């Protein structure tokens, strides 16, 4: 993230005595006690459970507060297996959709099912389409399971029903007023769903479905794959989809990171080798920065089948070829993305003070507009909506800041849109070219009203001294992983430290050395190269401390979030 020199520091109230007492009971440093209190975990039992998440803590989807549609879906899958029906499994083209599809295909194949996997093609539009139904029908499927889509795909569902094909929808997107005409809808956001946690990604819902199906099949004496071996896919899809890493998701991703450390899949082994993770994926940031972009790239450029083939691959030799193809797609994606970003920024030159950024361009690839929107949010600290135009229509993607609910904003602009979907933090839509000007005005108005008092802010856990940094602190902070949405990375601040050294490296990144007396620490600020204070000046810095293993050495390094001359 770029330097935020205008950001206000919001520092959590210091809880010295309480933090020390909690830390003493947990056997941690007092700063870790403060981190837990800041996250509403000042109670010892809750804190202890949080630091040691276990699968046994998961709430059952078929318990007292069940997921709607769950039992009907399990019953129908059991019947399909008993009758040896061909089962179509369809995933959307992003990482959540692809991992959900790979998870269910892997599990069903372990139960000797004949599966027909298929993923969406971006150039065919969003979600599950009539053409996909026809392809599954031609393949002889009597049952289709959709992953990360289907809730709003009414035409495709009608086409399936007309061909006597049952559809189970596994999804997590907002449910519109018109319910889907499916055999079973498993989506925590439907009003009939009593399951208390609404933040599951589709891959998490798919995991629950596989686990329940295994329980039913074991009662019939049918052995299958242990769903715990599918948690690597759950971790990847959940983190990549920016689902909240709280409650069930925290447990699933924690367990999934342990599974990823084993690197059982040939495809993931080849991928971790490519991105220089010889010990497997250990942190959520490894997924977000190294794994997910390469799995996302094929779908962004048109066809996610390559990513699905990689996740289902069991041949090490083939896996190397598939990873190389994913990497090539990722390089092309970066080149396209940089061009679109440059052109989008040119449109923003005279539009820096408005409540939202809405840009559109002919020839922009729809596969990169979501990333460009996220980069515009980072740069301007405002909601950003980026539209790729082709002919009379445009396909857009949106990202936002705290305080502006994207799905609600799109819903309030539905009269100007052909189609839309998403959730609070991200959304997608299709719009007529003729409506873009009115849509821009509507979004600016909504954002201006919602964010009238909004200034960029950094939520700091504590202001500390450089001498407080240690390997032990970093190791104990790692117990708060996985970090992400709803479980932010710990952030500390220091004031009045000397900026001893600066060096711009790579793509506008800044290496620094900070000094306070005898305490010295090196750091990196991604995207800070053009905003560096003068070497030798006194600065304030906000950062995440972490362990750096570069060159075989183990030492503390800081990752900057703010660097300002005082």
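Annotations for the structure displayed:
- Residue 331 versus residue 516: modelled label distance in nm, points set 7 Å from Cα along the beta carbon direction: 4.4
- Kirkwood hydrodynamic radius (C-alpha pairs) into Stokes-Einstein, region 348-450, 10 °C and 1.306 mPa s, D in µm²/s: 121
- Over region 348-450, relative contact order from alpha-carbon pairs under 8 Å, at least 6 apart, %: 26
- By the compact-protein rule of thumb, 2.2 N^0.38 Å, the alpha-carbon radius of gyration of region 423-490 corresponds to a ratio of 1.85.
- Share, in percent, of DSSP beta bridges within region 348-450 that are antiparallel, nearest 5: 75
- Across the alpha-carbon set of region 64-215, the Rg to Rh ratio works out to 0.92, Rh being the Kirkwood radius.
- Centre-to-centre separation between the Cα atoms of region 1-68 and those of region 492-566: 27 Å.
- Computed from the alpha carbon atoms alone, the convex hull of region 154-254 holds 129 Å³ per residue.
- Overall shape of region 230-376 was characterised from the C-alpha gyration tensor. The equivalent ellipsoid obtained from it has semi-axes of 31, 20, 11 Å, in decreasing order.
- Largest-first principal axis extents, alpha carbons of region 4-133, Å: 64, 42, 24
- Shape category assigned to region 316-397 from the gyration tensor of Cα positions, a/c cut at 1.5: prolate
- Relative contact order of region 57-325, taken over Cα pairs closer than 8 Å and 6 or more residues apart, is 21 percent.
- Taking the average, over residues, of other Cβ atoms within 10 Å as the packing measure, peptides 34-44, 63-73, 250-260 rank 250-260, 34-44, 63-73 from highest down.
- Separation between Cα centres of region 288-317 and region 91-155, rounded to whole Å: 16
- The protection proxy used here, the mean number of other Cβ atoms lying within 10 Å of each residue, ranks peptides 437-449, 503-515, 362-374 as follows, highest first: 362-374, 437-449, 503-515.
- Of all DSSP-defined beta bridges confined to the chain, some 60% are antiparallel rather than parallel.
- Principal axes of region 42-99: Cα extent on each, largest first, Å: 51, 31, 18
- Descending Cα extents along the principal axes, region 57-152, whole Å: 42, 28, 22
- Cα centroid separation, region 368-445 to region 193-236 (Å): 33
- For region 493-549, Kirkwood radius (reciprocal of mean inverse C-alpha pair distance, Å): 11.6
- Divided by 2.2 N^0.38 Å, where N counts the residues, the Cα radius of gyration of region 57-325 comes to 0.93.
Throughout, read-outs are computed from the coordinates displayed, never taken from laboratory work. This structure is a prediction, so every number in the text was calculated from the model and none was measured. Neighbour counts run over all protein chains shown; Cβ positions are idealised from the backbone, glycine included.
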